[in-house]
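Only one structure is covered here, and it is reproduced in the block below.
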Amino acid sequence: MKIGFVGFGEADSSIALGLSLEGMKDIVCFDAMQDDPRVKDRFEEKMAACGAEKAASAAEVCRQADIVISATPSNYAYGAAEGAAEGAHAGMIYMDVSTATPTVKKRIHYLMESKGALFVDGAMMGTLLKDRHQVPMLLCGSGAARAKELLEPYHMRLTLVDGEPGTATSIKFIRSITAKGLSCLLIESFQAAKKFGVVDTIQESFLDSFGPGFQKIMDGYISGAVLHAARREHEMENVVDFLKSEELPYGMADAAREKLKWINDNHVKDLFEGGVPRDFHGILAGWEL
């Protein structure tokens, strides 16, 4: 089996590295930025780390691969699929794991179906940098069962969900209302706590209420929001659009989007020399509120 990747940023490169460590040898990838002088060396390092062959286009990835995982920024997901479809072939599986809206996932499904390929709507439900290829994923669509069969021997954690393409993404979006919202609530709470010099008191109160395991959540959710504010802001824009399209309340989701926008607009992650700390005390120490 040969696996291909369209988009080779954090998501796909992490999955590819994990699969290579499990013994996957035939890997081909393409990223629209791969020959940009500003990032070319970094892409070549990531490809070398997993033994991936660089393709000239998304279509070429599809011509070579049996299963293709696409992980582009959500606003480029359909455009990437259009390019990929030029090389799609009967029996190939195209799995889109971006945070494009359920409507876009359905459009990609129809596009791939017209080429005789199978489609999978994939939704990543965990932390890539920690879990790599073992990040929990929900799958639905015409190719979901076959993709699970092919990839589970490499210890990927895949769960099939019933429903048309877009269902897996809908589940992720609904979860994001709480997950992204909680990260923003924690940041806002500790902004105020720092100003009044009561960070330790608030931390202890949270741990008393939610248990010692909540420390890991505070560290991960706060650092993750700072590190990935731009991407998560766009994801929450899609969540808001999804909720609006279903005539559902969206006030909390929109508030999280606004907070992530504020973090991104104020370039908070650039305040830390050596990278964003992975504990919230480190973030508060280096972040002049």
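The values are calculated or read from the model by the stated rules, or taken from the named source; none is laboratory data. All values reported here derive from a predicted model rather than from experimental measurement. Neighbour counts run over all protein chains shown; Cβ positions are idealised from the backbone, glycine included. Surface areas here come from the heavy atoms of the whole protein model, side chains and all, with no ligands, DNA or RNA. Shrake-Rupley method; radii C 1.70, N 1.55, O 1.52, S 1.80 Å.
Points worth noting:
- Residue 175 meets all of the listed conditions (1) touching a helix residue (DSSP H, G or I) at 6+ places or on another chain (Cβ under 6 Å); (2) modelled with pLDDT of 95 or more; (3) not acidic (Asp, Glu) but one, namely (1).
- Candidates 201, 159 - the one that is at pLDDT 95 or above, outside any helix (DSSP H, G or I) and open to solvent by 20 Å² or more (accessible area, probe 1.4 Å): 159
- Condition broken by residue 64, with the remaining ones in (1) open to solvent by 40 Å² or more (accessible area, probe 1.4 Å); (2) at pLDDT below 95 satisfied: (2)
- Every pair of residues 6+ apart whose Cβ atoms lie under 7 Å, when the first sits in the range 31-53 and is free of Cβ contacts under 8 Å to residues at least 40 places away in the same chain and open to solvent by 60 Å² or more (accessible area, probe 1.4 Å) while the second is part of a loop (DSSP other than H, G, I, E, B) and among the hydrophobic types (A, V, I, L, M, F, W, C): 33/39
- Per this entry, residue 2 is counted among residues that are within 28 Å of residue 130 (Cβ to Cβ) and either without any contact (Cβ under 8 Å) to a residue 12 or more places away in the chain or not hydrophobic (A, V, I, L, M, F, W, C) (or both).
- Subset tally (residues that are closer than 22 Å to residue 253 by Cβ and either without any contact (Cβ under 8 Å) to a residue 40 or more places away in the chain or among the aliphatic types (A, V, I, L, M) (or both)) for the range 157-173: 4
- Any hit, the range 84-95, residues being at pLDDT below 95, open to solvent by less than 20 Å² (accessible area, probe 1.4 Å) and within 20 Å of residue 151 (Cβ to Cβ): no
- Residue match in the range 219-240 (condition: in contact with an Asp or Glu (Cβ under 8 Å, 6 or more places away or on another chain), farther than 22 Å from residue 98 by Cβ, surrounded by 15 or more Cβ atoms within 10 Å (Cβ to Cβ) and not small (Gly, Ala, Ser)): yes
- Within the range 249-281, the residues that satisfy the criterion of being surrounded by 14 or more Cβ atoms within 10 Å (Cβ to Cβ) and of a type in the set (A, V, I, L, M) are 252, 253, 255, 256, 260, 263, 268, 276.
- One residue from 126, 122, 51 being among the small types (Gly, Ala, Ser) and over 29 Å from residue 178 (Cβ atoms): 51
- The range 162-193 - residue that is open to solvent by 70 Å² or more (accessible area, probe 1.4 Å) and charged (D, E, K, R) and, of those, nearest to the chain's Cα centre (by Cα): 175
- Just one of (1) part of a helix (DSSP H, G or I); (2) of a type outside the set (A, V, I, L, M, F, W, C); (3) touching an Asp or Glu at 6+ places or on another chain (Cβ under 6 Å) fails for residue 165. It is (1).
- Residue that is nearest to residue 228 (Cα to Cα) [pool: residues in the range 1-30 that are open to solvent by 50 Å² or more (accessible area, probe 1.4 Å) and assigned to a helix (DSSP H, G or I)]: 10
- Search result, residues across the range 91-104 that are over 30 Å from residue 278 (Cα atoms) and in a loop (DSSP other than H, G, I, E, B): 91, 92
- In the range 62-89, the residues that are closer than 21 Å to residue 1 by Cα and outside any loop (DSSP other than H, G, I, E, B) form Cβ pairs under 8 Å with partners that are among the hydrophobic types (A, V, I, L, M, F, W, C) and open to solvent by 50 Å² or more (accessible area, probe 1.4 Å), at six or more places apart or across chains, as follows: 67/1.
- Residue that is surrounded by the most Cβ atoms within 10 Å (Cβ to Cβ), among those in the range 105-141 that are at negative phi, in a helix (DSSP H, G or I) and modelled with pLDDT under 95: 133
- Pairs, first touching a residue at least 40 places away in the same chain (Cβ under 8 Å) in the range 208-226, second open to solvent by 70 Å² or more (accessible area, probe 1.4 Å), C-beta under 7 Å, six or more apart: 219/278; 223/278; 226/269
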